[in-house]
Amino acid sequence: AAHPRFSLQGMKGSFATWQASGSVSGPWKGGNYLGLVEGTGSRNDFSFRDDNGTPYNLADDEQGRRRNSDFFGLRSLLKAQRPWGHRRIQAHHTLDLRRQGIPGIGNYQAHEVRFDTWQDLSQVGLSGPVSTAASYELSAYHSYQQDRYKDPKGEVGTGIQRHRNTTRGAGVQGVFH
């Protein structure tokens, strides 16, 4: 019998940048499964030449460090399929979370502006033969996305801003071959 397979990976870089991932896959009741997860992040505080908003006056230039440019992300994928009589049932789920700073422009860096995203998608499917010459595929899905933007001190936009947008979707689909 086949055994589960595991994988782990990690990286580290400049400005506290990192990435880590792992996966597991293997057999499951005559079918198989797969799970993946990945995290990424960075302080992203690199140095740069700040012209203080006066590109033609070199006398006021100074070395600066990027602020509020950090990010963190987490992604996952879960997938499984297995036979069910003469049919096959499949399911998968993806998740994507991201938090990040919005740094503003070089000579006026923002300190508290943030943008966060949550995306989620699930789907299940059933497929199988109708006859020796025909088959079907049925699937249902649900999706969700929420974006949040906040600029509590009016550092980037025009005035204080707090926005949250949410989108949801659901559906079914059938295909006959």
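The values are calculated or read from the model by the stated rules, or taken from the named source; none is laboratory data. The structure presented is a predicted model; accordingly, all values stated were derived computationally and were not measured. Counting neighbours? That spans all protein chains shown, and the Cβs are built from the backbone with ideal geometry, glycine included. Protein only, heavy atoms only, side chains kept; ligands, DNA and RNA dropped before computing areas. Shrake-Rupley method; radii C 1.70, N 1.55, O 1.52, S 1.80 Å.
Tabulated results
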{"quantity": "Candidates G128, G73 - the one that is under 28 Å from L34 (Cβ atoms), assigned to a strand (DSSP E or B) and more than 16 Å from the chain's Cα centre (by Cα)", "calculated": "G128"}
{"quantity": "Filter result (of a type in the set (F, W, Y) and open to solvent by less than 70 Å² (accessible area, probe 1.4 Å)) within the range 126-151", "calculated": "Y136, Y144, Y149"}
{"quantity": "Some residue of the range 47-54 being within 24 Å of H111 (Cβ to Cβ), loosely packed, with under 14 Cβ neighbours inside 10 Å, of a type in the set (S, T, Y) and touching a Lys or Arg at 6+ places or on another chain (Cβ under 9 Å)", "calculated": "yes"}
{"quantity": "Where a residue in the range 65-78 is without any contact (Cβ under 8 Å) to a residue 60 or more places away in the chain and its partner, wherever it lies, is among the aromatic types (F, W, Y), with Cβ under 6 Å and at least six apart", "calculated": "R66/F46"}
{"quantity": "Qualifying residue in the range 152-171 (condition: under 23 Å from Y33 (Cα atoms) and surrounded by 12 or more Cβ atoms within 10 Å (Cβ to Cβ))", "calculated": "no"}
{"quantity": "Enumeration of residues in the range 125-140 that are more than 12 Å from G174 (Cα to Cα) and aliphatic (A, V, I, L, M)", "calculated": "V130, A133, A134"}
{"quantity": "Whichever residue in the range 76-113 is part of a strand (DSSP E or B), open to solvent by less than 40 Å² (accessible area, probe 1.4 Å) and under 30 Å from D51 (Cβ atoms) and, among such residues, is modelled with the lowest pLDDT", "calculated": "G104"}
{"quantity": "Subset of the range 55-68 that is over 25 Å from Q100 (Cβ atoms) and charged (D, E, K, R) - its residue that is surrounded by the most Cβ atoms within 10 Å (Cβ to Cβ)", "calculated": "D61"}
